[in-house]
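Novice: Here it is: the structure, laid out below.
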Amino acid sequence: MDGMKRWVTTVGAVMLLVMWAQSGAVARDRGEAPKPMTLRLLIWDGYAPQKVRDSFIKRVRKTYGVDLAFAITYASNPDDFFDALRNDKVDLISPAHNLPKDFRYNLTTNGLTLPIRLENIPNYAHLVPELFRQPWAMEGGDVYAVPVVQGPYALAYNTALVREEPTSWRVFWDPAWQGKFMVHKDYYELNVYISALALGYRRPDIFRFDAIKGGALEKRVGYLAAESATFWQGFDKPENYQGLALSTTWRCIFPSADGAFEGWRIAVPEEGTTWWVDAMLISHTLKEKPLLRRIAEEWINHLLTDEVQTRSIAMELGTYPVTRKGLSEYVASLPDTASGDTLRLLLKNRIPWQILETRDRNAFKFLWSEAMKTRPSERAGEGR
């Protein structure tokens, strides 16, 4: 019965698509103005490049007779996604893989997101195996989250100040760099993770508060909060790095960016590097908008084309593609170079973020908030 239901649904969707395409063609033949539609995105900066949007807009106009516009808001805090969904302000979001089933949000079961119909996203089949139909993306046999970008919470260093490449997260606690580093403001748990790794805890244990709690951890986290020169938010930008020796970053390499990141490199800590996968989810706001929902799914598919994955996103941001061909070509584009070695080593030594239990999440948040109270008032550092 379920198979028959799915078959009927698929046939119906195909027929509807044909009708939309035909109506678009008829409208063009008659010289009618394209129908305006707006797709609202809440994403990280760089996930919808202008050239990629322009090519997609042309295709939508040709296929459906729709004059598509993008309304883009850039996220800075993981809470932004839930708030926008709840207030009906967004159609597509791009949170990290550990967020959809986080107890604070439950995005796949609370009715705020829709199942994604993979028949409209053929490029989903090209994902690297470790990202294909993962439990964090699934609910009731349906896919709710489609990976589009991945990367590390990496250790970056300024070669003009730090002469030797750091080999451990412990470098953040080197007195030479006191007050000359920065970490992320809103992802407090990541700063706990790197503190635990620097203390020598096993990789699986860093996600469990009871396994790492104690005075040593509190001291390490307290130092990061008190001595960070500033904090970065959202996606790190060139201006964040001025005058610093060390930083965390979402990047695996620094893009050229007209020399804005000159002298900055990525290190590969011996303890490993925690790892995120950002995915697209479709908002409940499109439930009664079948054509715009279809266009949203086609946009996700467009992001998974190899050209967009490598040249438009990964090479521009310094992140990793999520498709098999895109990833292999990206790594191969930097053979026998320091950056190429870094790309390969980061992949080999990654530590995927886990979905935290309620107790662990609350404990990490409390630990960071208490640590921030020790920060000197003259260096409040609310991000820049």
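Rule-based calculations on the coordinates, nothing more; no lab input. Quantities reported herein were computed from a predicted structural model and do not represent experimental measurements. Using ideal geometry, Cβ is built from the backbone for each residue, glycine included, and neighbour counts are taken over all protein chains shown.
Novice: What is the percent of Cα-Cα separations in the range 85-213 that go past 26 Å?
Specialist: Looking at the range 85-213, the distances longer than 26 Å represent 43 percent of pairs.
Novice: State whether the range 137-267 is rounded, prolate or oblate according to the following rule on the C-alpha gyration tensor (a ≥ b ≥ c being the square roots of its eigenvalues): a/c under 1.5 gives rounded; otherwise a/b larger than b/c gives prolate, and the remaining case gives oblate. Show your work: numbers first, answer last.
Specialist: Details: a/c = 2.06, a/b = 1.14, b/c = 1.81.
Oblate, because a/c is 1.5 or more while a/b does not exceed b/c.
Novice: Once label points are set 7 Å from the Cα along Cα→Cβ at both residue 45 and residue 374, what is their separation, rounded to one decimal in nm?
Specialist: 3.1 nm
Novice: With both partners inside the chain, how many of the DSSP beta bridges are antiparallel, as a percent to the nearest 5?
Specialist: 55 percent
Novice: Would you mind classifying the range 259-384 by shape? Square roots of the alpha carbon gyration tensor eigenvalues, ordered a ≥ b ≥ c; an a/c under 1.5 is rounded, otherwise it is prolate if a/b is larger than b/c and oblate if not.
Specialist: Verdict is oblate for the range 259-384.
Novice: Specify the inter-centroid distance of the range 73-97 and the range 278-322, based on alpha-carbon positions, in whole Å.
Specialist: If you average the Cα positions of each part, the centres end up 15 Å apart.
Novice: Would you mind checking which residues have amide H under 5 Å from residue 180's amide H? H placed 1.01 Å from N; only 5 or more apart, or other chain.
Specialist: Residues meeting the criterion, in which the H sits 1.01 Å from N, are 229.
Novice: Among (1) 1.25; (2) 0.94; (3) 1.05, which is the computed Cα Rg over 2.2 N^0.38 Å?
Specialist: (3)
Novice: Pairs 180/213; 62/185; 35/237; 58/287; 289/348: which exceed 32 Å Cα-Cα?
Specialist: 62/185; 35/237; 289/348, as the Cα separations exceed 32 Å there.
Novice: Right, next: Residues with amide H under 5 Å of residue 150's amide H, sequence separation 5 or more or different chain, H placed in the peptide plane at 1.01 Å from N; which?
Specialist: The answer is 278, 320.
Novice: Okay, moving on. With label points built 7 Å along Cα→Cβ from the Cα atoms of residue 287 and residue 347, find their separation and express it in nm.
Specialist: It works out to 4.0 nm between the two label points.
Novice: Using only Cα atoms, tell me the angle between helix 338-348 and the longest principal axis of the chain; keep it within 0 to 90° and round to the nearest 10.
Specialist: The angle comes out near 80 degrees.
Novice: Between rounded, prolate and oblate, where does the range 193-286 land on the alpha carbon gyration tensor, with a ≥ b ≥ c its root eigenvalues, rounded for a/c under 1.5, else prolate if a/b exceeds b/c? Walk me through the numbers before you get to the answer.
Specialist: Details: a/c = 1.88, a/b = 1.20, b/c = 1.56.
The shape class here is oblate.
Novice: On C-alpha positions alone, give me the angle between the axis of helix 290-303 and the longest principal axis of the chain, in degrees, nearest 10.
Specialist: Value to nearest ten degrees: 50.
Novice: As a test of the formula, what do you get for the chain when each DSSP H run with n ≥ 4 contributes -39,500 (n - 2.57) and the sum is divided by the residue count, at 222 nm and rounded to the nearest 500 deg cm²/dmol?
Specialist: Value at 222 nm, helices only, nearest 500: -10500 deg cm²/dmol.
Novice: Take every Cα pair under 8 Å in the range 55-124 that's 6+ residues apart, average their separations, divide by the length, and report that relative contact order as a whole percent.
Specialist: 16 percent
Novice: Among 275-282, 168-175, 222-229, what's the highest-first ranking by average C-beta atoms within 10 angstrom per residue? Intermediate values should be presented prior to the final figure.
Specialist: On the way: 275-282: 23.8, 168-175: 17.6, 222-229: 20.4.
Top of the packing list down: 275-282, 222-229, 168-175.
Novice: Show me the ranking of peptides 87-97, 35-45 by mean Cβ neighbours inside 10 Å, starting with the highest.
Specialist: Ranked by mean Cβ neighbours within 10 Å, highest first: 87-97, 35-45.
Novice: Related question: How much FRET efficiency would the formula 1/(1 + (r/R0)^6) give for residue 325 and residue 176, where r is the Cβ-Cβ distance and R0 is 51 Å, rounded to 0.05?
Specialist: Efficiency, rounded to the nearest 0.05: 0.75.
Novice: Which net charge results when you count Lys and Arg as +1 and Asp and Glu as -1 among the other residues whose beta-carbon is under 9 Å from that of residue 103?
Specialist: Numbers: positive: 101, 104, 361; negative: 102, 357.
Here the charged neighbours net out to +1.
Novice: Expressed in nm to one decimal, what extension gain is obtained for the pair residue 336 and residue 167 from 0.36 nm per residue of sequence separation less their Cα-Cα distance?
Specialist: 58.9 nm
Novice: Using Cα-Cα distances under 8 Å and only pairs 6 or more residues apart, what relative contact order does the range 218-361 have, in percent?
Specialist: Working: 103 pairs, mean separation 38.7, N = 144.
Here the relative contact order equals 27 percent.
Novice: For residue 119 and residue 59, calculate 0.36 nm times their separation in residues minus their Cα-Cα distance, and state this gained length in nm to one decimal.
Specialist: Length difference between fully extended and current span is 19.8 nm.
Novice: Taking only C-alpha pairs under 8 Å that are 6+ residues apart, what is the relative contact order of the chain in percent?
Specialist: Relative contact order for the chain comes out at 24 percent.
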